[in-house]
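The block underneath contains the structure these notes are about, expressed in structure tokens.
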């Protein structure tokens, strides 16, 4: 009985090892923050930086490790590269903003909270927001 149990444990261990090896072989290397941002913006062009964005129309935000926060408003992505605290940015952070108006501006500070513990992790001092949009599609020539 012990021998069968040992063989079963060995077989399970070997299966798990093979499976984890296969998963590791298929895993993509993790992109740097700059690479991740470039991938997100690859088909977009930058516009003129703005001081504020209207938060009620922001649909989503993405934290890119040690690089930027991207706020999505419709088809426009506003890239925020903080003046201070950028090294503390982590994709698992919760962003906490305290506003007196409905706008998030370049003079504001965003607190960073740990998603698991809820503890304060730091803050970032914002800078101007750079809007990225898709370029207009070229018009087709008139049919003759």
Q: Could you tell me whether residue 124 is free of Cβ contacts under 8 Å to residues at least 60 places away in the same chain, closer than 18 Å to residue 69 by Cα and outside any strand (DSSP E or B)?
A: no
(Q) Looking at the stretch 52-104 only, could you name the residues that are outside any strand (DSSP E or B), modelled with pLDDT under 95 and crowded, with 17+ Cβ neighbours inside 10 Å? (A) none
Q. On the given criteria, is residue 29 assigned to a loop (DSSP other than H, G, I, E, B) and buried (at least 16 other Cβ atoms within 10 Å of the Cβ)?
A. no
Q | Extreme residue, nearest to residue 58 (Cα to Cα), among residues of the stretch 105-120 that are surrounded by 12 or more Cβ atoms within 10 Å (Cβ to Cβ) and more than 18 Å from the chain's Cα centre (by Cα) | A | 105
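The values are calculated or read from the model by the stated rules, or taken from the named source; none is laboratory data. Just so we're clear, the structure is a prediction, and the values are computed from it rather than from any experiment. Cβ atoms come from the backbone with ideal geometry, glycine included; neighbour counts cover every protein chain shown.
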